[in-house]
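What follows is a set of notes on a single structure, which appears directly below.
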Amino acid sequence: SSPRTNRIAVIKVCRLHNPQKDFNRRQALWGTMLLGQTSSTSTSSKTRSQIREITRLKVACGSRRAVLPNVATPHVRTAVQAPQRSARPPSAAATSSGVPTAGSAHGAKVIDNVYDVIVVGGGLSGLVTGQGLAAQHGINNFLVTEARERVGGNITSMSGDGYVWEEGPNSFQPNDSMLQVAVDAGVDKDLVFGDPKAPRFVYWQNKLRPVPSGPDALTFDLMSIPGKIRAGLGAIGLINGTMPNLEESVEQFIRRNLGDEVFERLIEPFCSGVYAGDPSKLSMKAAFYRIWILEKNGGSLVGGALKLFQERRKNPPPPRDPRLPPKPKGQTVGSFRLGLKMLPEAIERRIKDQVRVNWKLVSLNRDGDRYSLVYDTPEGRVQCYSRAVALTAPSYVVADLIKNEVPAAAEALSSFDYPPVGAVTLSYPMEAIRDDRKDAQGNVPGFGQLHPRSQGVTTLGTIYSSSLFPGRAPPGHMLLLNYIGGATNRGILNQTQEELVAQVDKDLRLMVLKPDAPKPRVVGVRVWPRAIPQFNIGHMEQLDKARAALDAKGWGDVFLGGNYVSGVALGKVVEYGYESAANLAKHLAATTKQTAAV
């Protein structure tokens, strides 16, 4: 979501829509997005993404070495007991919808009901769609089916021995969509927010340097004075060249508009740390639509931002829902008292009669004016019928599911790349943290840090978990969530737990730890072999091809969802979930009217 603008020239340019400023705000989301249903900024139903599920191995820091196999099921090693609901499937088949098998309805128990909607996938996208159908549109004849033993998708909050940590998305930007879903689910009183003044850092030339956050836009030392001038002149359209007709990569767009320094010191680490992606391949239009459209509409970033500001003044948004809590000031992030898992669990309680877990979808077919869905369940094989279907599973799972019936759509959906990402959560005593990272009270302020690929650091980024939210670590300890892997480092799948921990620890000693710091306590290690879908050049075209193929097949009642459509930031997932519910309700009303007319 784009930052507010102020109309100061050149460098301050971008308080209207300066990618430095915008980067800073987006950086507040990078923990959410890195392993979350978690950031495209594209408009609805266009660009977006996601990650997948897990097994869990409890291994202490000094345990025996075991190579992580290159399979679709993430592997986890942790040294802290996690007593929450944390059932883990034993195979890759246990994704949001289950990898389909060559099953049929033969011998299946047929449910004597035609549902209005079946939502395939019990992650946040599917749950919000279900909650929206019931709460906002009065539709209760639906199911939300989940292959695993729990809902929530890749939201994975853990706790034990005084620690609370996330192994999926870490936080969210507290926009009104997130506040709305918290109110609707009844967990708004459990919201917690980070310090809006917490700095963000980028490691550049052997130093952690703060990202500009307002008044320091001219004085921050992450960029040179010539680099700042180049950024300002490009942003106001003096030296940004002509916008080409071809689809630009993030690197091409940023270098052309804002110069090399903005790309190398701000945007490249952001793309690596948030998308775990390669900015030379990521599509600017698909991944950062709201910035891309500014130049498209206004001839420059500032021109487009001014035009947007004027349009919003002429057409203000509707009044804010009075039930929502006050929107936090500044650039902060949010979570819940016991971790992000509180949200999906609360939604499940609200629609518990419509939720089915341990239901693995094995086939989807058109059957006249309805759809047949066959599941493997703990009670045996079950066949359901529905007027409409919302598929919120990862694109590769949907592709496997429909490849026989709609091969063109399957081909398009299977083209999306999901590189691996590892989440390594480590704890250190506060005495191990460098003194220059602490404030006068001995605390370590900050949201976290990002590491450009050019700076010799393997870890993509680090989140200061215990600095962000209270009660995340025992007193006297600092909890650090580190991400490693991505599109430029796929070899993490072949590394052992010890190797991953050692690499992260080595990187931290370059930046935040004292040379004599003790070995870390390994709180959790989770590897996601197919993590974040990449919004590479051609992403939107492939998504449109998949939709067109479904329509051509006569599957217009099948809706694509999930965060490869909505965006990986939790706020985008929630926003799209409500939008999907509205679209489904409208579609059902229209088809009912057509049927009645016939």
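Does Ser213 satisfy the condition of being touching a strand residue (DSSP E or B) at 6+ places or on another chain (Cβ under 9 Å) and polar (S, T, N, Q)? Spelling it out, Ser213 is indeed touching a strand residue (DSSP E or B) at 6+ places or on another chain (Cβ under 9 Å) and polar (S, T, N, Q). Which residues, counting only those in segment 124-150, are touching a strand residue (DSSP E or B) at 6+ places or on another chain (Cβ under 7 Å), crowded, with 24+ Cβ neighbours inside 10 Å and not in a strand (DSSP E or B)? Correct list: Gly126, Leu127, Thr129, Gly130, Leu133, Ala147.
Okay, residues lined up against (1) modelled with pLDDT of 95 or more; (2) hydroxyl-bearing (Ser, Thr, Tyr); (3) touching a helix residue (DSSP H, G or I) at 6+ places or on another chain (Cβ under 7 Å); (4) part of a helix (DSSP H, G or I):
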| position | (1), (2), (3), (4) |
| --- | --- |
| Ile492 | yes, no, yes, yes |
| Leu510 | yes, no, no, yes |
| Pro518 | yes, no, yes, no |
| Pro533 | no, no, yes, no |
| Lys545 | yes, no, yes, yes |
| Asp551 | yes, no, no, yes |
| Gly571 | no, no, yes, yes |
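Of Ser363, Ser386, Ser372, which residue is assigned to a strand (DSSP E or B), crowded, with 17+ Cβ neighbours inside 10 Å, small (Gly, Ala, Ser) and touching a Gly at 6+ places or on another chain (Cβ under 7 Å)?
Details: Ser386 fails: touching a Gly at 6+ places or on another chain (Cβ under 7 Å); Ser372 fails: touching a Gly at 6+ places or on another chain (Cβ under 7 Å).
Answer to the check: Ser363.
Look at segment 338-350: where a residue is modelled with pLDDT of 95 or more and open to solvent by less than 30 Å² (accessible area, probe 1.4 Å) and a partner is in a helix (DSSP H, G or I) and small (Gly, Ala, Ser), sitting 6+ places away or on another chain with Cβ atoms under 8 Å, you get Leu343/Ala182; Leu343/Ala185; Ala346/Ala185; Ile347/Gly130; Ile347/Ala185. Kindly establish whether Ile532 is aliphatic (A, V, I, L, M), open to solvent by less than 10 Å² (accessible area, probe 1.4 Å) and in contact with a Ser or Thr (Cβ under 9 Å, 6 or more places away or on another chain). Judged against the criteria, Ile532 is a match. Would you confirm, using the coordinates I've provided, whether Ala412 is among the small types (Gly, Ala, Ser) and either crowded, with 22+ Cβ neighbours inside 10 Å or touching a His at 6+ places or on another chain (Cβ under 8 Å) (or both)? For Ala412, the condition - among the small types (Gly, Ala, Ser) and either crowded, with 22+ Cβ neighbours inside 10 Å or touching a His at 6+ places or on another chain (Cβ under 8 Å) (or both) - is met.
In summary, Lys506 fulfils each of the numbered conditions (1) part of a loop (DSSP other than H, G, I, E, B); (2) surrounded by fewer than 20 Cβ atoms within 10 Å (Cβ to Cβ); (3) out of contact with any Pro (no Cβ under 8 Å at 6 or more places or on another chain) with the single exception of condition (1).
Out of the residues in segment 210-250 meeting the condition of being of a type in the set (D, E, K, R) and open to solvent by 30 Å² or more (accessible area, probe 1.4 Å), tell me which one is modelled with the lowest pLDDT.
Going through segment 210-250, the residues of a type in the set (D, E, K, R) turn out to be 216, 221, 228, 230, 247-248.
Filter once more, so that each one left must be open to solvent by 30 Å² or more (accessible area, probe 1.4 Å): 216, 221, 230, 247.
Working: Asp216: 73, Asp221: 93, Arg230: 97, Glu247: 97.
It comes out as Asp216.
Looking across segment 104-123 at every residue that is surrounded by fewer than 24 Cβ atoms within 10 Å (Cβ to Cβ) and at pLDDT 90 or above, the one that is farthest from Asp367 (Cα to Cα) is identified as Lys109. Listed conditions (1) of a type in the set (D, E, K, R); (2) touching a strand residue (DSSP E or B) at 6+ places or on another chain (Cβ under 7 Å); (3) surrounded by 17 or more Cβ atoms within 10 Å (Cβ to Cβ) are all met by Asp190, apart from (3).
The values are calculated or read from the model by the stated rules, or taken from the named source; none is laboratory data. Computed from a predicted model, the values in this text were never measured in an experiment. Cβ: placed from backbone, ideal geometry, glycine included. Neighbour counts: every protein chain shown. Please note that ligands, DNA and RNA were not included when accessible areas were found on the heavy atoms of the full protein model with its side chains. Shrake-Rupley method; radii C 1.70, N 1.55, O 1.52, S 1.80 Å.
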